[in-house]
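Asker: Handing you a structure now.
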Amino acid sequence: MMTGRRPTLYSRHGMVAAAHPLAAQAGARLLIQGGNAFDAIAATAAALSVVEPFMSSLSGMGSATLWSAAEGRVRVLDFVPPIQKSFPVERFSRRSELERGPHAVAMPGNLAGWCELAQRYGRRPLADILAPAIALARDGFALSEFGVTEFNEQAPLLEAWPGLYPGFAANYLPEGGSVKLGQLLRQPDLARTFAEIGEKGPEHLYRGELGQRIVTHLRSLGGLMTMDDLAAVQPRWREPFVTSYRGLDINVPPPPCEAFQFLLSLKILEGFDLASLPKDGPEHLDLVYRAIRLAAGVRIASNNPSPETLAKIFSEASVAALRQRVADGQPVEGPTEQWLPQPSEDPAHTTSFSAADAEGNLVCITNSLGSPFGSGIVVPGTGVCLNNFLYWSDVQPGSPNRSQPGDELPMCMSPSISTRAGKPVLALGTPGSYGIMQTQTQAMVQHLDFGLPLQQAIEAPRSRLWDGRLIESENRIAPETLAELRRRGHDIAAFDTGWTMRCGGMQAVGIDPATGLMTGGADPRRDGYVVAV
C-alpha cells in the first residue's frame, strides 16, 4: 500500500544520506570507485558547498563523530577553530552587530576537517574526492524548489549591504533578479578553487594563495583577519562524550561543543515510560518539551563545562532532581538560546550528512556556514562564500560566557554515533542552530521509544522551543493536543505548515549488526536524499 511517504532503503554495500540528492550521489560515487565512508563523506561535504551554497562552504566549520571499523572505536574530529586572535570583541555589545560583514567571519575549519578525515581514514587521493564537486561547479546544476526559495529570500536581504551585495550577485546571480525552478547555477571560480586545492592540498587555504586572497579582501572591507590566524587552524581529535538511552550508547562531541544538552534531555526522559503514552499526544509531548527546556537551561548556565562539572550534571542526583521538576506539573520557563533572551529567530544555515560502508565504518558530520550565505562576503575570483560564525560568539557585556580572542567557540552541533553492545548502529545529525539538540531528542524518542523506522522517525512532526515558554509546532500535531499543552503552561502555536526547516533537516544511516544491512533516512524538510550502492 502506498503511503505518500518515502520508502525505507537498504543496502549491504554502502549508503550516503545528505541534504541534497546530488551531494549524496557524489559520496556514493566515491564508494563505487573503491573509496570508503570517509572518502564518501568528504566528497559529499565538498559537493554540498556547491549545491547548497546558502548552507555550506569550505570556509565554514563543524565536527564529525565516527566509528572506525579498523580501530573498533568512536572518535570525534573537531574542526571548530578557536576565536581568532585578531577579533576585536571590545567593539561589540550586541549579537546583531555580527550578523554580516568582515568582523563576523570566523576561522574556516571545514576544509581542514574534511581533509583530515580523508587523509587519516580514507584511501582515495584528494583530487578524486573533490572531482564530483568540481564537475558540479564547472558544469552547473539546476536549482530545486528549496534552492529557489533560499536564493529569493536571501538576495533581497543582502541587497541592504552595498559593500557585500555586488560580489554576492556576481557569483550567484549573473543574470540578475530572482531565480526560478530549473535555473542552471554555474560556479566556475569555485570549480577552479577546488581544482587548486585538489592539486595543492588544504595548505592552499591555510598558508597559501587562497588564504592570502581571503585576508586581503577582508582587510579591504575593514576586517582584521591575518595569515597567522589562518595558519593556526588545526582540526583536533577528541574523545566523545557518551551516555546511554534505551540500550544505546550515544556518542557526541564533548564540550566546548554544546551537544551534551541533547544527551541530558534523553537522560531525563529515560526516567519516564514514554512508550506507554499515546504517540504525539499531550502527555508524550509535555514530557519531552519540559525535559528539553530544562536541559537547555543547564547548558546555558554551565556553558563549556569542565569534565568534573559535566560529571556532576549527569550524576544520578542531578538527573533525578531534573526528572522531579519535569514531573511536578508546574510550568517550565527559561531560555533555550544564549545567556540573555534572544529574539525568536533561526538564522543558522547548517547541514548534516552521514555515510556508511561495507567495512563497517560509519560517520556523521554536521557543518555550517552560519547564517544564510554566512557573512554575505564572496571573495572575488574564488567562489568562496565566508562564514559569519562570530555571530555565535557571546559579546553581551556582563555575560558570564562573554567571548574573548583565543577562546573556544561553543557550537550547538551534535553529530552522533550510537552503538549497541559495542557495535555501531546509528549515525544521526541535523541542522537547526540551538534547535539541533531539541530536534535530535524528539526524533530519538520517536525511533527508540515508539519504535518508528528511521525514515518515519525523521518524518514525524516536531516542534521548536524558544526562550520563555514559547514553542512553535508543525501543524500536523492535533489542535486538541495543542490546546491541552497550552493548558499545561506551554505557550505553543502551530506553524502554518506541516513541514518546516525551523525544525531541522535530519539525515541518518543505521546499521543492523546482525545482518550488516544499512538503512538510511532523509528529511523532507530539506532536499534530503539517501543513495545506496
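The values are calculated or read from the model by the stated rules, or taken from the named source; none is laboratory data. Please read these numbers as outputs of a predicted model, since none were measured by experiment. Glycine gets a Cβ as well: all are built from the backbone with ideal geometry, and neighbour counts include every protein chain shown.
Asker: Can you tell me which residue is surrounded by the most Cβ atoms within 10 Å (Cβ to Cβ) among those in the stretch 97-113 that are more than 18 Å from CYS412 (Cα to Cα) and out of contact with any strand residue (DSSP E or B) (no Cβ under 8 Å at 6 or more places or on another chain)?
Answerer: LEU111
Asker: If you don't mind, there's one more thing I want to ask. Would you mention how many residues in the stretch 222-275 are outside any helix (DSSP H, G or I), closer than 19 Å to GLY113 by Cα and not aromatic (Phe, Trp, Tyr)?
Answerer: Here the count works out to 17.
Asker: Has the stretch 388-404 got any residue that is farther than 30 Å from HIS13 by Cβ, part of a loop (DSSP other than H, G, I, E, B), more than 16 Å from the chain's Cα centre (by Cα) and free of Cβ contacts under 8 Å to residues at least 12 places away in the same chain?
Answerer: yes
Asker: Taking the options ARG476, ARG525, name whichever one is modelled with pLDDT of 95 or more and farther than 19 Å from ALA296 by Cβ.
Answerer: ARG476
Asker: Going through the stretch 397-428 one residue at a time, which ones are surrounded by fewer than 22 Cβ atoms within 10 Å (Cβ to Cβ) and either within 25 Å of LEU517 (Cα to Cα) or charged (D, E, K, R) (or both)?
Answerer: Listed by number, the residues that qualify are ARG402, ASP407, GLU408, THR419, ARG420, ALA421, GLY422, LYS423, VAL425.
Asker: Identify, please: which residue in the stretch 211-250 is surrounded by fewer than 17 Cβ atoms within 10 Å (Cβ to Cβ) and of a type in the set (Asp, Glu) and is, among those, nearest to the chain's Cα centre (by Cα)?
Answerer: Among those that are surrounded by fewer than 17 Cβ atoms within 10 Å (Cβ to Cβ) and of a type in the set (Asp, Glu), it is GLU239.
Asker: For the stretch 30-87, enumerate the residues that are assigned to a helix (DSSP H, G or I) and surrounded by fewer than 24 Cβ atoms within 10 Å (Cβ to Cβ).
Answerer: Scanning the stretch 30-87 gives a single hit, ILE32.
Asker: Of everything in the stretch 158-210 that's among the aromatic types (Phe, Trp, Tyr) and part of a helix (DSSP H, G or I), which residue is surrounded by the most Cβ atoms within 10 Å (Cβ to Cβ)?
Answerer: Among them, the one singled out is PHE194.
Asker: A follow-up question, please. Quickly run through the stretch 493-514 and pick out the residues that are assigned to a strand (DSSP E or B) and either in contact with a Leu (Cβ under 7 Å, 6 or more places away or on another chain) or buried (at least 17 other Cβ atoms within 10 Å of the Cβ) (or both).
Answerer: ALA494, GLN507, ALA508, VAL509, GLY510, ILE511
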